[in-house]
Structure formats: C-alpha cells, structure tokens
1. Lys327 versus (1) modelled with pLDDT under 95; (2) within 16 Å of the ligand (Cβ to nearest atom): which is the lone unmet condition?
2. Within the range 192-214, identify whether any single residue is part of a strand (DSSP E or B), under 20 Å from Asn53 (Cβ atoms) and either within 16 Å of the ligand (Cβ to nearest atom) or not small (Gly, Ala, Ser) (or both), and answer yes or no.
3. Of everything in the range 62-86, what is hydrophobic (A, V, I, L, M, F, W, C) and out of contact with any helix residue (DSSP H, G or I) (no Cβ under 8 Å at 6 or more places or on another chain)? Give them in sequence order.
4. Return the only residue of Glu366, Glu357 being crowded, with 18+ Cβ neighbours inside 10 Å, at pLDDT 95 or above, acidic (Asp, Glu) and in contact with a helix residue (DSSP H, G or I) (Cβ under 9 Å, 6 or more places away or on another chain).
5. Of everything in the range 472-484 that's closer than 17 Å to Arg297 by Cβ and either part of a helix (DSSP H, G or I) or not charged (D, E, K, R) (or both), which residue is nearest to the ligand (Cβ to nearest atom)?
6. Please verify whether the range 493-509 includes one or more residues that are modelled with pLDDT under 95, out of contact with any Lys or Arg (no Cβ under 6 Å at 6 or more places or on another chain) and of a type in the set (Asp, Glu).
7. What are the residue pairs meeting all of these: first residue in the range 410-435, first residue under 17 Å from Pro388 (Cα atoms), second residue within 16 Å of the ligand (Cβ to nearest atom) and of a type in the set (S, T, N, Q), Cβ atoms under 6 Å, and 6 or more apart or on different chains?
8. Given (1) buried (at least 23 other Cβ atoms within 10 Å of the Cβ); (2) in a strand (DSSP E or B), identify the lone condition not met by Val261.
Amino acid sequence: YLIDDPKFSFLKDLGIKRTNKGVYNGEWCGNGEVTKTYDPATKEVIAEVQNGNVEDLNNCIKIADDSYKHWKTLPAPFRGEIVRQIGDELRKYREPLGKLVSLEMGKIQAEGIGEVQEFIDICDYATGLSRMFAGQVLPSERSQHVIIEKWNPLGVVGVISAFNFPNAVFGWNAAIAMVVGNSVLWKGAPSTPLISIATTRIVTEVLKRNNLPPVVTLCQGGVDVGKKMVADDRVKLLSFTGSTNVGREVGVEVQKRFGKVLLELGGNNALIINDDADFDMALDAAFFGCIGTAGQRCTTTRRLIIHEKIYDAFLEKLILRYKGLMKRVGHPLDEATILGPLHNQQAVDAYTNTIKEATNLGGKIEVGGNIIDRPGYFVEPTIVTNLPHDAPVIKRETFVPIVYVLKAKNLDQAIEWNNEVEQGLSSALFTKNIGSTFNWISENGSDCGIVNINTSPSGAEIGGAFGGEKATGGGRESGSDAWKQYCRRSTITVNYSQQLPLAQGLVFE
Ligand code: UN1
C-alpha cells in the first residue's frame, strides 16, 4: 500500500491510515463495503476505505438536519467567520491536500494544488458574502405598505460530486451553502474517497474547535447511497455534478418530491479561432483547453472550430505542440509532468472505443490515437479531423483528451456549430474585432453558460457563476448570485397603516 511508503508521508499528515472510515456524522464510522483506492498513474493501492450504507446515510441526514437547527440561528457574519477559519485551515494543508488530489484523481500537482486554491478562494468569497447576501425593499401599490424580500436557508444541502474535481466542487457548494445558513451532506465520487475524508477532516476540525455541531457530514458510498440521497425529502437542495444521463434521472427524482436541484452536467465545449485571432495566444489556449487535466474537465475543449484561412497553419502548429508534449508525460506528482493519466479503466475504454468510432466514420487521426505503454491509465492526447461538424461522435461528450477540429467558412457558421450540440457549458472565441466580440456575447452568439473571449473555455475563476445551459442542466455554482440557489425567498408585505386596503383596489364587504 502506498500509505506505507515514506515517499507519500503527506498522506499521514492528512490523517489518512491504511483503513479509513468513509462516513462522518460527528464521529467517523461506516458499515458499508470496504473498497480500495488506487493511484491511476501506477494502479497501485493507496489505502482502504470502509464506505457508508443506506442506514449510515440516514443517520448523516438526521444529524445534518439537527445541526442545521442550531446553525441557522447564528448570525450570518458569525457563520462567515467560521468559513473564514476553514479557508485558513485549508491554507495550512494546501500542499499535502493538493498532492492527495493529484495522487488519487490523477491530475498534475499544479492542478491539484490549484483546486485546493479554488476552495480557499471561495471561502474568502463566502466570508464577504455572509455580510452581503441582501434582499430588496420594493414599492407597494398600497399606501403605508412595503414589500420586503428576504433570503432564508433551506436546511440540509446534499452535494454529490464527481472524480474530476474531488475537492473544489464540494468547496464551492459548502462554503456558500454554509454562510447562508444551511448544513451540508457530501457524497464524493466512489473512486476519490480519501480526498473526501481528508477535506472533511480539515473542515470539521474548525467546527469542533468552535464547539459547533457537525454542520458538514460525509457519506462515501455507491449507487444505493446516492439514490437515497436524491429521494430523501429532508435533503432540500441536491447539487449534483456528473453525466447528463445520470443528471436527467436525478433532476426528475428530485422534482418528483418538489425538492430543489442544481445540476452541473456534461459539456461539449468549442473554441473558435477566427481569422483575425492572435495566433500564438489562441494556440496556447487550445493546447491548455484540450490537454489540461488530460481532457477530464467539464470545460475541456472538445471541438476546435478554425476559420478556413488559418486552418492549415494552426493545425500544423498544434500538432507540433502535441508531439512535444510526449516528453512531459509522467506521474502527476512529478513536477515536470504536464500530462498525467486518465482516472480509470472505463475512461481508457471510452477513449479506445471513441477513436475506433471516429475512424470508422471517416475521421483522420492527426496525432495520438494510442494507449501509452506505461503501468497506469495513460493515453495519447488526440486530434481528429475530417469529420462532419454534426457527426454523432462529435455531438457526444467523451471525458478523454480527444479534440475534433472543424474548418469553418466564416464566424457565423462557427457560431452555428458552437450552438448545435445539446450541451451548453463553455465556449470561447478568439478575435480582435470588436463587432465580432459583441456579437458573440449577444442573443446571436454563444448559447452556453460560459462565453469567453480571447481566453480558453476551461479554467474559470470562482468569482463568476459557473455552469451551463441546455443539457448541462442550468445550475450555477460559485460566484455572482449563485448563492440564491441555496436559499428560499420570502416575499414579505408589511402594512404599517391603520387600515387594511386590499391589492388591486379590491373592495370586499
Ligand atoms: C469541472 O470540470 O467540473 O473552469 C469544473 C474550470 C474549472 C472548473 C471545472 N474551474 O475548468
């Protein structure tokens, strides 16, 4: 087990042992299956986790609900102060936690640490928000009346997160949910439980130090635990990150019980390079967008739409960059690495099948296309050309580093192709023309939630609302007014007159 190897001593600094309990409800427990967790770069076992079962989840919900009853009564700026302390605690563990993200998920160390940084950033944001999540005062049509809007908490917020952002997605949800007065129940991906456990430990240390109840609970587990969380009426908001197919079911189930749902589902993100783009900057953006996190971000560039005038030159340069990358393949914890492994065997299978399907449809592999001969789940980042813009394989999201390159006649055609897929997460346009820029962000432009200009479609900051339209699910997390989704809105009419006038001048006597 890697846990016994002194090279990975940061695991012990995070409190990880050979066998770990995957449930936290004030105590660490778990009565479900014992599973192993692996380093995707070597397939070696890191450690073991005893997961939760449905009964454990039930207890977590109960305890989270009890904690909520106390937590919601505390002044919001006090809750903000607690989240500020969580941010500080995360600062202390930034490096070891980032390394654990790298080791268990497989993304390179800089990205692992960057992910923890996003959690720290959202804590700062949420601390400020705790003094600022204002409602409004609106004019009433009745004399000596006023309409007030107030944002109140919901109760238990359930977070189901995915393997690819095993730390930050919990952070975006939890920090905001907590300052507005909710408690949180988390289920991380079944294949990244050590990250969930280490993160929960850091967060709950702060709660304990402040003599607070378990406002954050954790239940690692499988599909049965997930289903119960989706169906349980006490989970007032279910924030789900994952595939469009599972998200569709989650959405329907939560709606059946009139719960609230926040969906962050698949993307099929296009990067458009117009003929007036800054060529070198666009090349850097494409390289990072396609290959960063080995193609396993929701915001990864899946389609590159290039103006025909610069198509050949751009493609040629990009292929060279891809070829140069092969020297930088390695273990994610090795600082020289910029391409780590895929997360698991399913991803490798999806890669192989997709390459096969693309070639059968007449696609040309410009570079890549093979599994890399190393112990872990490594594959070559791949560029495919020569497919029609609406080929079925292009319209589907495959969570691997394959990009389809399309040649567009003009910007209008490029925008049409950008919008023709069912997903609507992220998009970007490279241009120096001011008219094209404003067209791109207008009603005639990109229909995605994220509409970038002269920067990559992936790598969003926490300050904006993060999420997408259409089959991406419509949810927004992180900045802007995404916090409203974690609240119920109370519309309050106050009468400070001595009469009881009715609205619309109605007389009722
Ligand atoms: C995801 O892939 O689930 O914009 C989220 C980005 C990251 C978030 C990605 N900040 O790429």
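The values are calculated or read from the model by the stated rules, or taken from the named source; none is laboratory data. What you see is a predicted model; the values in this text were computed from it and never measured. Every residue, glycine as well, gets a Cβ built from its backbone with ideal geometry; the counts of neighbours run over all protein chains shown.
1. Only one criterion is unmet by Lys327, namely (2).
2. So in the range 192-214, the residues part of a strand (DSSP E or B) come out as none.
No, the range 192-214 contains no residue that is part of a strand (DSSP E or B), under 20 Å from Asn53 (Cβ atoms) and either within 16 Å of the ligand (Cβ to nearest atom) or not small (Gly, Ala, Ser) (or both).
3. Initially, the range 62-86 is screened for residues hydrophobic (A, V, I, L, M, F, W, C), giving 63-64, 71, 74, 76, 78, 82-83, 86.
Ile63, Ala64, Leu74, Phe78 - these are the residues of the range 62-86 that are hydrophobic (A, V, I, L, M, F, W, C) and out of contact with any helix residue (DSSP H, G or I) (no Cβ under 8 Å at 6 or more places or on another chain).
4. Values: Glu357 fails: crowded, with 18+ Cβ neighbours inside 10 Å.
Exactly one of Glu366, Glu357 is crowded, with 18+ Cβ neighbours inside 10 Å, at pLDDT 95 or above, acidic (Asp, Glu) and in contact with a helix residue (DSSP H, G or I) (Cβ under 9 Å, 6 or more places away or on another chain), namely Glu366.
5. By that ranking, first place goes to Ser478.
6. yes
7. Every condition considered, the pairs that remain are Asn418/Ser427; Asn418/Ser446; Val421/Asn268.
8. Among (1) buried (at least 23 other Cβ atoms within 10 Å of the Cβ); (2) in a strand (DSSP E or B), the lone unmet condition for Val261 is (1).
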